[in-house]
Amino acid sequence: MDRFAQDVRARMPLAEAVLLLWRHVADGDYLEQLFEKHRGRNYTDALSFSQMVQLTADCLLRYEGSGRRAFSAARQKGELETTVEAVYGKLKRMPPEISMTFLAGCTDRLRALYPSGAGQRLPKSLRGFEVVILDGKTVKNVQKRFKVLRRRAGGVLGGKALVAMSLNTGLVLAMHGHPDGDANEVRFVGELLPELDRRLGEPRLNLVDRGFCDLTQLARFRERGHHFLVRHHPKLSFHRDAKVRPIYGKDREGRTYREEWGWAGVPDHRHRSYVRRITLERPNDEPVILLTDLVDAARYPAEDLLELYRMRWGIEQVFQQVTEVFGLEKLIGTSPQATIFQLAFCLLIYNMIQVAKRCIAAAQKRPAETISTVKFFDDVTTHLTSWSLFFSHTDTIAYLVRFRTATQIRRRLHELLDSQWSDLWIKSSAHKRCRKAAGPGASRSHVSLFRVLEAEKERQRKRRHRRPSNG
C-alpha cells in the first residue's frame, strides 16, 4: 500500500505542491493565535478558526463555492461536530480585522517560499523600488437572503477593501476591509500604508490611479522616504515652474509626451509639493497625465514611468481572476463581514497559485506572465480533486508533516515542480478589448448591504422607542 500511495502521489504533483503551500501558510497553531488576538467578542467553542479556514478552503477548491455541500460533507465524515447553521453563523460574524490579518499574515509566510529570480521585470531605472499598486475592490452580487432586501430592485454590494499588490512579485500583500460596499477606498490609505511599512524594507513606489490624486494622499505616499506615481486628477491644481523648460519626447510606441516641473496644490496648502508632470498624447483618446515626486528626468526617464503606469492594469486582472477563477463570484455567506473574509481567502488562493506558477516559470526559464493562471489553475483543481478521492484529510496531514521547515518545503517544491510543463498552460495572445456601448436599460443600480442593515437597525430602534410602556 505504501508503494501504491507513492505512485498515486507521483501522478498528482500539482496537488501536493499546493497542499504543501497551504499547510505552511495556514498552520493550525498560527491561525488560532491570529484569531485569539483579533477575535473581539467572538469565541471558539465546538468550531475553531482553523477548522473554519479549512472548511472554506474545501468549499472553494472542491465544492465549487457551495458552502452547504462542503459543511455537510465535513459533518458526514465526522470532521465537523457542530451544525451547518453554526458554521454560517460564525462566518456571518467574522470581524474584518481577522480577515485582514489572515491575508497579510499568511502571505508573509508564503513570501518565504517565493522562488528567487521569478519576479516581474520592471523598467531598468525603477528596479531599486518595491512598486506597490493600490486599488479598491467591492464584493458584488450578494444574494438577497435578508428579509429587508427581498423587495429591493437592483444589485446588492457586500464589503469593500483597499488592496495592495506588489508589482515586483505579483502577490497581494495586504488589504484594509470595511463592511460598507459604498465606502470610498481612499479613506483607508492611512490605515493600509503602515501595514506595508512593516512588511517592506525597500523604498516603495506607490502606483495609483487618479482617484487617489489629492495632496493628503500624496503626502502620505512620500512618508518615510517613499515615492509616488499617480494619474493626475483635474481637481488638483498644477502650477508650472517657469524657470524649468518643458522637455518633449516620444514613448516606445512613438506617441508624443511632454515633461513639466512645478507645484501640485495651491500656494498656502501645507501639503503642497514639487512634482514632475508627464503628459502623454493619445490619438482618439484623452491624454494620460501623470504626477510623480521622482523629479530627476535623467535618472528616471519618462519612458520608464509611462511603461510602469501601464503595468497598473495588473491589479485589475487580479480582481477579475479572483472573482471569476478563484471563487468570489459565488458567495458562501451574505453578510458584509462574510464577503470580506471570502475576498481575503480568494486573494490568498491567488497568491498560492502565483508562487506555484512562478516556481515552474523559473525552472522553465520563461516569464511567469506567459503562463495562463486560468489554465494552470484548471489542472491544479483536477489534481486536488483526484487527491481527495485517494487520501483522507488525516492521511494528507500525516504525509505532509514530514516537511516542517521552509527550507524543506522549498526543496520539495523544486522536486515536484521543476520538471512540470504543459504547452496547454501558455497564455493566449492578447486581443484588444472592445467596449460595448451601453444600450437602454443597461445600467444597474446597487445598494450597500451594510447601509441597508444599519438603516433597518435604526428604524427598529426608533420603533421600540415610540412604543408606549405598559404603565
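Please treat every number below as a calculation from the coordinates, not as lab data. Computed from a predicted structure; not experimentally measured. All Cβ positions, glycine included, derive from the backbone under ideal geometry; neighbour counts span all protein chains shown.
Summary of computed values
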{"item": "Largest-first ellipsoid semi-axes for the range 134-177, taking √(5λ) over the Cα gyration tensor eigenvalues, angstrom", "result": "31, 8, 7"}
{"item": "Anchor Lys375: aspartates and glutamates whose Cα lies under 15 Å away (excluding residues fewer than 8 positions away in-chain)", "result": "Glu324, Asp423"}
{"item": "Derived scalar couplings ³J(HN,Hα) [the range 325-330; Karplus, 6.51 cos²θ - 1.76 cosθ + 1.60; whole Hz; x for Gly, Pro]", "result": "9, 9, x, 7, 5, 10"}
{"item": "Quarter of the Cα convex hull surface for the range 270-414, i.e. its orientation-mean projected area (nm²)", "result": "15.7"}
{"item": "By average C-beta atoms within 10 angstrom, highest first, the peptides 168-178, 53-63, 452-462", "result": "168-178, 53-63, 452-462"}
{"item": "Residue order, fewest to most beta carbons within 10 Å, for Cys213, Cys346", "result": "Cys213, Cys346"}
{"item": "Qualifying aspartates and glutamates (Cα of each under 18 Å from Cα of Lys147; at least 8 residues distant if same chain)", "result": "Glu85, Glu454, Glu456, Glu458"}
{"item": "Ordering of 141-152, 378-389 by burial proxy (mean other Cβ atoms within 10 Å per residue, highest first)", "result": "378-389, 141-152"}
{"item": "Set of lysines with alpha-carbon distance to Lys250 below 19 Å, sequence-local pairs under 8 removed", "result": "Lys124"}
{"item": "Interchain or long-range residues, amide H under 5 Å from Gln120's placed H", "result": "Thr169, Gly170"}
{"item": "Highest-first arrangement of 32-40, 200-208, where packing means the average Cβ count within 10 Å", "result": "200-208, 32-40"}
{"item": "Ranked list, fewest to most other Cβ atoms within 10 Å of each Cβ, for Trp22, Trp313", "result": "Trp313, Trp22"}
{"item": "The range 159-216 - convex hull of the alpha-carbon atoms, volume per residue in Å³", "result": "95"}
{"item": "Residue order, fewest to most beta carbons within 10 Å, for Trp421, Trp261", "result": "Trp421, Trp261"}
{"item": "Between the range 135-153 and the range 20-35, the alpha-carbon center distance in angstrom", "result": "31"}
{"item": "Cα-Cα over 18 Å, subset of Lys92/Lys330; Lys140/Lys357; Lys137/Lys235", "result": "Lys140/Lys357; Lys137/Lys235"}
{"item": "Rg to Rh quotient for the range 213-340, alpha carbon positions, Kirkwood Rh", "result": "1.09"}
{"item": "Residue among Ser386, Ile353, Pro367 farthest towards the positive dipole end of the range 302-391, charges placed on Cβ", "result": "Ser386"}
